[in-house]
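These notes concern the structure reproduced below.
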Amino acid sequence: MAEPIDPAVVEAENEKRAKALEADYEALGAHLDRRGVDIEAVRAKVAAYGVAVPSWGVGTGGTRFARFPGSGEPRNIFDKLDDCAVIHRLARATPRVSLHIPWDKVADLSELTERAAAHGLGFDAMNSNTFQDHPGQERSYKFGSLSHTDPATRRQAIDHNLECIEIGQALGSKALTVWVGDGSNFPGQSHMTRAFERYLESMKAVYAALPEDWRVFTEHKIFEPAFYSTVVQDWGTNYLIAQELGPKAFCLVDLGHHAPTVNIEMIVARLVQFGKLGGFHFNDSKYGDDDLDTGAIDPYRLFLVFNELVDAGERGAANFDPAHMLDQSHNVTDPIESLMTSAMEVQRAYAQALIVDRTALSGYQEDNDALMASETLKTAFRTDVEPILAKARLDVGGAIAPVATYRAAGYRAKVGRERPETSGTGGGII
Ligand SMILES: [Mn+2]
């Protein structure tokens, strides 16, 4: 298969920046060394880190008001995989793709595995979709899916999840992510207890079909599409689900699915403490489930989440193996550029969390030295770790400056010529 990005362009772009990077890396290494941090150890961890990209993220997203597609929109999952390959080719942080069924359904799964393998990509968690009706579907999800009052509709939703597992098995996936839009728009419309009982009963049927080495992630969301009550509305309900289902069930935290002032890093700490953190959907928000680019609004919060994750990893927390995935909507940018920069923002937060002086932090916590504890975190957050990220990319043939290199390579213009304009590709976000 032809390289999606001309290697000569990558080389030429890197050449322009290599000398400055070496100088910056050396200076940062000396600086970190004075703080007792080994830059090489941080680089090795950053290089080994990956965040999955959602297949639906490479298409232009939209709002309920409008969608403004760009040029060269992917027409199908094969185009999407090609775009995902570009993201990984340049930023080297997204080795896996998370698929969405039925949006990414194909007749011959071996074609999918072949295309992914040709690009050096793997498959992450499978995502089911019972929040909208699909062509040919017998029963409607207008009033819910896994928690629907009608047993046949619930059965249809369960069967769809079982199909996702089956497809995922053929692709080498090891997890199923379930988000439902079930809820109500009016007080009294739905019996809250009975709806949750029905949801749990349905999820138990899904859980029973999980292969031995699979996990299921349930994703909570405070509101939308239901605007009065949501069946899986917060991390408390999500934790109850994971407890009820069993050891293969974990909670997925989407950063945008909380009220604006909620302390998400604290939710992360709680779920880690009780061995039920399944993974993340990274994005950012200002007001609600805005699905903005990761780190675009509140990079400090992202860092604080990673601070909890690194802390949990270093103290060997039990049952701790969270899946990392981006889940955001690109309405006004080239999705490939947004996904590259977002993946790098996640990596950056990880690198910053790795250089926190944890011994000092722990001491300040014990001594109730609030100011110095905060400053210890801030010192790590204020450190520009970009040379570490850039070096990690360069080491494995990526781009020092992924967006500039992507623009220089002219990929968008090329696919713009190859892919006819469409308006119907799914820009949905979960
Ligand atoms: Mn999500």
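All of the numbers you see were taken from the coordinates with simple rules; none came from a lab. These figures come from a predicted structure and were not determined experimentally. Methodologically, a virtual Cβ is constructed for each residue, glycine included, from the backbone with ideal geometry; neighbour enumeration extends over all protein chains shown.
Brief remarks on what is shown
- Residue ID - surrounded by the fewest Cβ atoms within 10 Å (Cβ to Cβ), chosen from residues in the stretch 260-276 that are under 19 Å from residue 297 (Cβ atoms) and within 16 Å of the ligand (Cβ to nearest atom): 262
- None of 272, 232 is within 22 Å of residue 161 (Cβ to Cβ) and either touching a helix residue (DSSP H, G or I) at 6+ places or on another chain (Cβ under 9 Å) or not in a loop (DSSP other than H, G, I, E, B) (or both) except 232.
- So residue 86, is it closer than 29 Å to residue 392 by Cβ, among the β-branched types (Val, Ile, Thr) and either surrounded by fewer than 16 Cβ atoms within 10 Å (Cβ to Cβ) or in contact with an Asp or Glu (Cβ under 8 Å, 6 or more places away or on another chain) (or both): no
- Of all residues in the stretch 191-224, exactly one satisfies the criterion of being within 16 Å of the ligand (Cβ to nearest atom) and either assigned to a helix (DSSP H, G or I) or of a type in the set (Ser, Thr, Tyr) (or both), namely 218.
- Within the stretch 208-218, tally of residues that are surrounded by fewer than 22 Cβ atoms within 10 Å (Cβ to Cβ) and either touching a residue at least 12 places away in the same chain (Cβ under 8 Å) or touching a Ser or Thr at 6+ places or on another chain (Cβ under 8 Å) (or both): 6
- Hey, residue 177 in contact (Cβ under 8 Å) with a residue 60 or more places away in the chain, under 26 Å from residue 310 (Cβ atoms) and polar (S, T, N, Q) or not: yes
- Subset of the stretch 103-137 (residues that are touching a residue at least 40 places away in the same chain (Cβ under 8 Å) and in a loop (DSSP other than H, G, I, E, B)): 103, 104, 105, 121, 124, 125, 128, 129, 130, 131, 132
- Selection within the stretch 236-247 - surrounded by fewer than 23 Cβ atoms within 10 Å (Cβ to Cβ) and either part of a strand (DSSP E or B) or not acidic (Asp, Glu) (or both): 236, 237, 239, 240, 243, 245, 246, 247
- Any chance residue 50 is loosely packed, with under 15 Cβ neighbours inside 10 Å and within 22 Å of the chain's Cα centre (by Cα): no
- Filter pass, residue 250 being part of a loop (DSSP other than H, G, I, E, B), of a type in the set (A, V, I, L, M, F, W, C) and under 20 Å from the mean Cα position of the chain (by Cα): no
- Of the residues 176, 146, the single one that is part of a loop (DSSP other than H, G, I, E, B) and either in contact with a Gly (Cβ under 7 Å, 6 or more places away or on another chain) or aliphatic (A, V, I, L, M) (or both) is 146.
- Tabulated pairs, the stretch 180-206, first farther than 24 Å from residue 133 by Cβ, second surrounded by 19 or more Cβ atoms within 10 Å (Cβ to Cβ) and not aromatic (Phe, Trp, Tyr), C-beta under 8 angstrom, 6+ apart or interchain: 204/245
- Residue within the stretch 158-167 that is touching a Gly at 6+ places or on another chain (Cβ under 6 Å) and crowded, with 21+ Cβ neighbours inside 10 Å present: no
- Condition check for residue 171: in contact (Cβ under 8 Å) with a residue 40 or more places away in the chain and touching a Gly at 6+ places or on another chain (Cβ under 7 Å): no
- Counted residues, the stretch 277-295 - those being more than 16 Å from the ligand (Cβ to nearest atom) and more than 22 Å from residue 354 (Cβ to Cβ): 2
- The set of residues from the stretch 186-213 being touching a helix residue (DSSP H, G or I) at 6+ places or on another chain (Cβ under 7 Å) and not charged (D, E, K, R) comprises 200, 202, 203, 205, 206, 207, 209, 210, 211.
- Scope the stretch 150-178; condition among the small types (Gly, Ala, Ser), more than 16 Å from the ligand (Cβ to nearest atom) and over 21 Å from residue 139 (Cβ atoms); matching residues: 168, 170, 172, 173
Per-residue answers, yes or no, for (1) buried (at least 23 other Cβ atoms within 10 Å of the Cβ); (2) within 16 Å of the ligand (Cβ to nearest atom); (3) not charged (D, E, K, R):
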{"residue": "315", "(1), (2), (3)": "no, no, no"}
{"residue": "328", "(1), (2), (3)": "yes, yes, yes"}
{"residue": "353", "(1), (2), (3)": "yes, no, yes"}
{"residue": "370", "(1), (2), (3)": "no, no, yes"}
